[in-house]
Amino acid sequence: MASTRTADTVVPHPAVAARPAGQQPAPAPEPSPRRLTGRFNGDLVTGQWWWSPELFALQGLDPAAVQPSAQLLLAHVHQDDRAAVREALGVAGTTGTPFTREHRLVHPDGHPRRALLVCEPEADRNGRVVVLAGLVVHLSGGPAHPAAAASTDPVHRLETEVEQLRTAMASRAAIEQAKGILMLLMGCGDQVAFDLLAHISSHTHRKVRDVAVSIIDSASGRQPLPADVRDILHDACPPGRRI
């Protein structure tokens, strides 16, 4: 739902009203720039895309007036950067390769803004890419100027933040894939599969993501399950099913 902003009514503070004539008010502190981050999720099977309200705002679009899509996302990328971003999205959707790419975002006011596109594909149990999930991060507090030099500290903080987000997204993708394998193996539902992952994690002192990756690697034939993980799955597996 689009939000509306109403005009603020300024009421003088009593201390301001009592200021002696001719005395200049103290300068107001500069507001710190807020980095806007928008999220997206594109279902490659149904063709349906979801954008967070922040992504609509970042591109100056009214959520009630447009339908999110990959084409609309690309339409707001600067024409000189568009081909590279389109190619990266295409490779991600075909091979499942995640990427992070800086580009210029064209806002309706005509000013390009520096942005970072982070994409983490998600695959189904057969390895087919079915979702492109990610985020677009506004890198500067205002319009981008090519000659402007970025501060080292904010860039470092942003790189750390993006890496943390990518790790979280990769963890979620691995957990979802492992849950699917367990659901097929155990004949159970989504919640039971996750509870089993958490149980294995707790009893083997491994992170849930590490347990998920070991199950995925075993299912794909890359390497056998660790013995402690295999033993728990063997005990949990219904009669007649083999791990």
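Please treat every number below as a calculation from the coordinates, not as lab data. For clarity, every value in this text was computed on a predicted model and none was experimentally measured. Don't worry about glycine lacking a Cβ; one is built from the backbone with ideal geometry, like all the others, and counts go over all protein chains shown.
Here are the numbers:
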item: Neighbour cut-off at most 13 other Cβ (10 Å), DSSP loop, trypsin sites (Lys or Arg not before Pro), the stretch 59-134; result: ARG128
item: Cβ crowding within 10 Å averaged over residues, with 90-100, 209-219 ranked highest first; result: 209-219, 90-100
item: Radius 14 Å from Cβ of VAL129, net charge of other residues (Lys, Arg +1; Asp, Glu -1); result: -3
